[in-house]
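Please treat every number below as a calculation from the coordinates, not as lab data. All values derive from a computational prediction rather than experimental measurement. We place every Cβ from the backbone using ideal geometry, glycine too, and count neighbours over all the protein chains shown.
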């Protein structure tokens with residue numbers, strides 16, 4: 001029993017890692033731009049396909065592929081900001097609808113380019129850390145966990161220690177007052193979009209060798225990320241991280257001891273429960289929700 | 001003239017908020033705009049700092065036309081705006097709020113020196129520098145909003161209702177700060193519903209009524225004006 005519990009904890013840490021990378025980007029974009037980016041799961045998907053395109057077919061080192069994926073998906077974020085969210089700045093609902101359209105474009109492009117079947121991704125490493133013969137952590141999963149901790153720490157330092165970080169938080173709290181400090185809304189929107197998209201992309205790059213890569217893989221991730229964002233409190237980055245961990249643990253444990261469908265239902269029920277007890281989410285405050 | 005608004009008009013949709021407003025602010029002076037609720041005082045200030053666009057007229061600042069610039073570019077020219085309702089960043093600490101005011105400045109040493117100046121002007125902000133701004137009282141938040149504006153090292157300070165919602169003791173304190181800033185050479189445009197206070201602080205005053213310029217003149221003269229006394233000073 002102890003073995004199973006310990007193994008499930010390791011699995012939960014792994015899911016918490018990539019879900020939090022996706023969710024934090026979603027929160028950042030919503031916070032700064034006021035837009036719910038429905039295409040966020042598809043940015044995760046594009047990250048995974050960067051691995052398919054470069055790592056499965058060419059002999060490019062995985063670390064380089066990861067860096068390319070991060071920058072490439074970040075640039076898609078910049079493209080979305082320029083072409084959709086900037087012209088629709090005063091129209092958050094329009095931004096949401098445009099992001100749904102963009103989601104479909106990305107899915108269609110992935111289907112046309114790579115086909116709708118699951119894509120092959122060769123393992124980056126076959127190594128497994130064996131704590132005991134029943135408690136095992138594949139090295140690739142450890143990479144995901146370490147990368148998530150690394151990227152989230154870097155983001156935290158950026159937001160709390162640098163002037164652009166303060167600018168981003170200021171603009172998320174009060175865009176007009178931020179403009180009065182000389183902070184350009186366009187500039188903060190670009191930064192938020194790049195970082196948010198890049199984090200989703202890198203999550204896709206990191207998990208590609210571990211999950212089934214197909215054009216519709218964004219769905220399950222975006223649902224998890226939305227639950228996490230709502231439970232954590234819309235607009236709260238720390239809430240998103242804490243809720244990612246909580247959600248991943250509940251989901252992984254219920255999947256292990258019952259099954260996956262019950263786990264999905266449990267996740268949604270927990271979200272409802274949090275909304276009933278604390279409508280602003282665990283870390284949300286009324287003025288941001 | 002440091003700041004000059006000529007024939008300015010602002011519309012919100014079909015509603016005209018201000019029309020044909022001309023205001024001149026000379027370097028080092030304190031100019032006040034008084035008037036009742038909805039007279040267009042806040043709109044006038046927001047037009048100056050680029051938060052709303054003019055539908056007619058021009059604004060010149062420091063010899064340059066600024067009415068087509070976005071707000072963040074106007075800050076760079078040396079205009080700081082302390083907005084109505086203070087609008088501090090609630091989840092940033094006091095120090096982060098102040099440093100955000102210096103967002104455009106790259107000279108770290110000068111920014112740190114100005115931070116010290118703000119802290120010596122407002123010792124209570126120093127005590128609370130690592131506290132998140134939402135935990136502060138209204139008076140402290142007003143001081144933070146003024147401090148944040150000063151951190152941009154402005155040539156002119158626009159203040160929108162700095163006395164609003166504050167206890168009389170605190171209002172007195174804010175008035176002293178404005179006086180002190182003025183003696184140190186700061187140019188101030190003060191929008192106030194508290195006409196008594198505004199006319200006491202200002203050199204020159206404008207009276208807005210339902211979006212039109214009703215009266216203007218040296219603050220002392222307006223203070224003795226029959227209409228102003230009856231309508232705004234309750235005498």
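Averaged over A:160-169, how many beta carbons belonging to a partner chain fall within 10 Å of each residue's beta carbon? Display every interim value, and only then the final one.
Numbers: counts 3, 0, 0, 9, 1, 1, 10, 3, 0, 5.
Across the residues of A:160-169, the mean count of other-chain Cβ atoms within 10 Å is 3.
If you fit an axis through the alpha-carbon atoms of helix B:108-121 and take the longest principal axis of the Cα set of chain B, what angle between them do you get, 0 to 90°, nearest 10?
Helix B:108-121 sits at roughly 70 degrees to that axis.
Relative to the longest principal axis of chain A, what angle (0 to 90°, nearest 10) does the C-alpha long axis of helix A:2-33 take?
20
Give me the log10 of I(q) over I(0) for the range B:1-67 at q = 0.11, 0.22 Å⁻¹, as the Debye formula computes it from C-alpha points; what are the numbers?
Those come out to -0.23, -0.92, one per q.
Ignore the peptide's own chain and count Cβ atoms of other chains within 10 Å of each Cβ in A:179-192; give me the average, rounded.
6
Going by how many other Cβ atoms sit within 10 Å of their own, how do A:84, A:45, B:151 line up, fewest first?
A:84, B:151, A:45
Which of A:81, A:176, A:238 moves the most in a Gaussian network model of chain A with Cα springs under 10 Å?
Ranking A:81, A:176, A:238 by mean-square fluctuation puts A:176 first.
For an R0 of 45 angstrom, estimate the FRET efficiency from the Cβ-Cβ distance between residue B:200 and residue B:16 and round to the nearest 0.05.
E between residue B:200 and residue B:16, to the nearest 0.05, is 0.90.
Provide B:148, A:89 in ascending order of the number of other Cβ atoms located within 10 Å of each residue's Cβ, fewest first.
A:89, B:148
In peptide B:185-194, what is the residue-averaged number of other protein chain Cβ atoms found within 10 Å of each Cβ?
Mean inter-chain Cβ contacts per residue within 10 Å come to 0.
Relative contact order for chain B using alpha-carbon pairs under 8 Å, separation at least 6, rounded to a whole percent?
Working: 452 pairs, mean separation 65.2, N = 235.
Reported as a whole number, the value is 28 percent.
Each label point is 7 Å from the Cα along the Cα-to-Cβ direction; what then is the distance between the points at residue B:120 and residue B:76, in nm?
Between residue B:120 and residue B:76, the label points sit 3.2 nm apart.
For chain A, take the longest principal axis of its alpha carbons; what is the angle in degrees between that and the long axis of helix A:185-207, to the nearest 10 within 0 to 90?
Approximately 10 degrees, to the nearest 10.
Pick out which of B:106, B:86, B:129 has the largest mean-square fluctuation in a Gaussian network model of chain B, springs linking Cα atoms closer than 10 Å.
B:106
May I ask for the distance between the Cα centers of the range A:1-38 and the range A:106-145, given as a whole number of Å?
Their Cα centres are 17 Å away from one another.
Can you give the relative contact order of chain A as a percent, counting alpha carbon pairs under 8 Å and 6+ residues apart?
On the way: 457 pairs, mean separation 100.7, N = 289.
In percent, rounded to a whole number, it is 35.
Fewest to most neighbouring Cβ within 10 Å: what's the order for A:44, A:257, A:120?
Lowest to highest Cβ neighbour count: A:120, A:257, A:44.
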